[in-house]
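Novice: Handing you this structure, nothing more for now.
The values are calculated or read from the model by the stated rules, or taken from the named source; none is laboratory data. Worth saying up front: this structure is predicted, and the values here are computed from it rather than measured. Glycine also receives a Cβ, built like all others from the backbone with ideal geometry; neighbour counts cover every protein chain displayed. Surface areas here come from the heavy atoms of the whole protein model, side chains and all, with no ligands, DNA or RNA. Shrake-Rupley method; radii C 1.70, N 1.55, O 1.52, S 1.80 Å.
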There are 2 protein chains.
Amino acid sequence: MPDQPVDEGCSIAATLAAVGDRWTLLILRDLFRGVRRFEQLRSDLGISRNLLTDRLQRLVELEIVHRVPYQDRPIRHEYRLTAKGADLSPALVALMRWGDLWYAVDGPPTLLVHDTCGTPLDQAVSCPACHEPVGAQHIRSRPGPGRMTETTGADR
Amino acid sequence: MPDQPVDEGCSIAATLAAVGDRWTLLILRDLFRGVRRFEQLRSDLGISRNLLTDRLQRLVELEIVHRVPYQDRPIRHEYRLTAKGADLSPALVALMRWGDLWYAVDGPPTLLVHDTCGTPLDQAVSCPACHEPVGAQHIRSRPGPGRMTETTGADR
DNA sequence: CCGAGTCAGTTGCGTTTAGCAACTGACTGC
DNA sequence: GCAGTCAGTTGCTAAACGCAACTGACTCGG
């Protein structure tokens, strides 16, 4: 997928360049849920086969997903998240919460719970110094160590 | 923008249907950073004018962004996040962190800090009962109250 | 008051990407 | 040996994107 407008030097742009197309995050959502096989993914998502082939290949190249054989004769593979793929979990959680908040009139269609105790989970941005949650209006952005060049002033 | 494959009954799909195209999240990133005017957005993103017009209109329709006049003669508007738009902050933070983790070799290009104390922020999924952070492998998903119908078994 | 400049679009056109349907191929199981 | 499943591939059409040129409402400098 398309070389996104890759604003090098922005991690959001870098992430979207990797997984920011119409299907990839939905494929990953299914992988998190345990849907791992081509045909299952296809019918669950309603994606066409050629695109699914394409997106999975790309995810494998990016090492977000790996192919694991689950039978020989005929050889068939399933797709599993790598550590890099599993690290997308917070992003999917955040996207889900926004959908829950603004589009789920009767409450969330899916709850995320702690496996050991079954309690519904929280997600928060917080300040390790102040030990409190931080809302969007209290987040500032600053150039970090990985910034190459021209630090323009316009912060949040 | 395109009517995404809207798997109704999945908040991730609902969110992606709203903001999951090639440009929208980058536009929102800029709005969070304080870039608010058409021409600024255009040149910062390198997006073509027609698409920017289109995306902004859609964001206004969805009430993620609103148009505020900043001068008359000629009348000019800037685009600002609504509360709904501001609620996307955690999602952008999560996408940014993944990019930082996997693509920022020299450290993050941008740091998010607490406005009052300047401390770099954390984001975590946590269990309110156990009072501890919860990694991807300990998250289970369950049908929630907003689920309409056929609860298929395949959980995470 | 005329021409250059700015900002915010709109229009038109060619290229890319996506979506659909039909086909292949390696099997299993009856 | 024929139907069925799974995982693709190929070919064609439709939708989305990207670029460049044009419009329009102004301001400002001379």
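Novice: Which condition breaks for B:GLY146 when tested against (1) surrounded by 15 or more Cβ atoms within 10 Å (Cβ to Cβ); (2) out of contact with any Pro (no Cβ under 9 Å at 6 or more places or on another chain); (3) among the small types (Gly, Ala, Ser)?
Specialist: Here B:GLY146 clears every test but (2).
Novice: I would also like to ask the following. Quick one: which helices (runs of 4 or more DSSP H) sit completely within region A:27-142 and have at least 2 residues that are more than 16 Å from DNA strand D (Cβ to nearest atom) and in contact with a strand residue (DSSP E or B) (Cβ under 8 Å, 6 or more places away or on another chain)? Reasoning before the result, please.
Specialist: Working: elements: A:38-45, A:49-61, A:83-86, A:89-103.
So the answer is A:89-103.
Novice: Just the residues that are more than 10 Å from DNA strand C (Cβ to nearest atom) and modelled with pLDDT under 95, please, taken from region A:43-56. Don't jump to the end; show me each part of the working.
Specialist: Keep residues of region A:43-56 that are more than 10 Å from DNA strand C (Cβ to nearest atom), which gives A:43-44, A:56.
Within region A:43-56, A:SER43, A:ASP44 meet the criteria.
Novice: Kindly indicate whether any position in region A:69-76 is within 18 Å of the chain's Cα centre (by Cα) and β-branched (Val, Ile, Thr).
Specialist: no
Novice: If you check every pair at least six apart or on different chains, which have Cβ atoms under 9 Å apart with a residue in region B:34-48 that is under 12 Å from B:TRP23 (Cα atoms) first and a residue that is open to solvent by less than 70 Å² (accessible area, probe 1.4 Å) and of a type in the set (Ser, Thr, Tyr) second?
Specialist: These pairs meet every condition: B:LEU41/B:TYR79; B:ARG42/B:SER48.
Novice: A further question follows. For region A:46-63, enumerate the residues that are under 16 Å from the mean Cα position of the chain (by Cα) and crowded, with 18+ Cβ neighbours inside 10 Å.
Specialist: Answer for region A:46-63, where residues must be under 16 Å from the mean Cα position of the chain (by Cα) and crowded, with 18+ Cβ neighbours inside 10 Å: A:ARG55, A:LEU56, A:LEU59.
Residue by residue, here is whether (1) at the interface with chain B (Cβ under 8 Å from one of its Cβ atoms); (2) under 23 Å from B:LEU121 (Cβ atoms) holds:
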{"residue": "A:LEU52", "(1), (2)": "no, no"}
{"residue": "A:LEU95", "(1), (2)": "yes, yes"}
{"residue": "A:TRP98", "(1), (2)": "yes, yes"}
{"residue": "A:ASP115", "(1), (2)": "yes, no"}
{"residue": "A:THR119", "(1), (2)": "yes, no"}
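Novice: Also, quick follow-up: Tally the residues that are open to solvent by 30 Å² or more (accessible area, probe 1.4 Å) and at the interface with chain A (Cβ under 7 Å from one of its Cβ atoms), restricting the search to region B:125-134. Break it down stepwise before answering.
Specialist: Of region B:125-134, the ones open to solvent by 30 Å² or more (accessible area, probe 1.4 Å) are B:126, B:128-133.
Still in the running and at the interface with chain A (Cβ under 7 Å from one of its Cβ atoms): B:126, B:128-130.
So the answer is 4.
Novice: If I ask for residues that are open to solvent by less than 80 Å² (accessible area, probe 1.4 Å) and near DNA strand C (Cβ under 8 Å from one of its atoms), which ones from region B:27-40 would you list? Even if it seems obvious, please write down each step before you answer.
Specialist: Pass one, region B:27-40, residues open to solvent by less than 80 Å² (accessible area, probe 1.4 Å): B:27-36, B:38.
The answer is B:PHE38, and nothing else.
Novice: Which ones in region A:57-109 are more than 16 Å from DNA strand C (Cβ to nearest atom), touching a Phe, Trp or Tyr at 6+ places or on another chain (Cβ under 7 Å) and of a type in the set (Lys, Arg)?
Specialist: A:LYS84
Novice: Just a yes or no: is a residue in region A:14-25 more than 9 Å from every other protein chain (Cβ to nearest Cβ) and surrounded by fewer than 21 Cβ atoms within 10 Å (Cβ to Cβ)?
Specialist: Looking for residues that are more than 9 Å from every other protein chain (Cβ to nearest Cβ) and surrounded by fewer than 21 Cβ atoms within 10 Å (Cβ to Cβ), one finds none in region A:14-25, hence no.
Novice: Next up: In region B:23-75, what residues are among the aromatic types (Phe, Trp, Tyr) and more than 20 Å from A:ALA13 (Cα to Cα)?
Specialist: B:TYR70
Novice: Test A:GLY118 against the criterion of being within 16 Å of B:PRO128 (Cα to Cα), among the small types (Gly, Ala, Ser) and surrounded by fewer than 17 Cβ atoms within 10 Å (Cβ to Cβ), and give yes or no. Can you show your working first?
Specialist: On the way: within 16 Å of B:PRO128 (Cα to Cα): yes; among the small types (Gly, Ala, Ser): yes; surrounded by fewer than 17 Cβ atoms within 10 Å (Cβ to Cβ): yes.
In short, yes.
Novice: Pairs please, first residue from region A:69-90 and under 23 Å from B:ARG140 (Cβ atoms) and at pLDDT below 95, second anywhere and acidic (Asp, Glu) and surrounded by 10 or more Cβ atoms within 10 Å (Cβ to Cβ), Cβ atoms under 9 Å, 6+ apart in sequence or on different chains.
Specialist: These pairs meet every condition: A:TYR70/A:GLU78.
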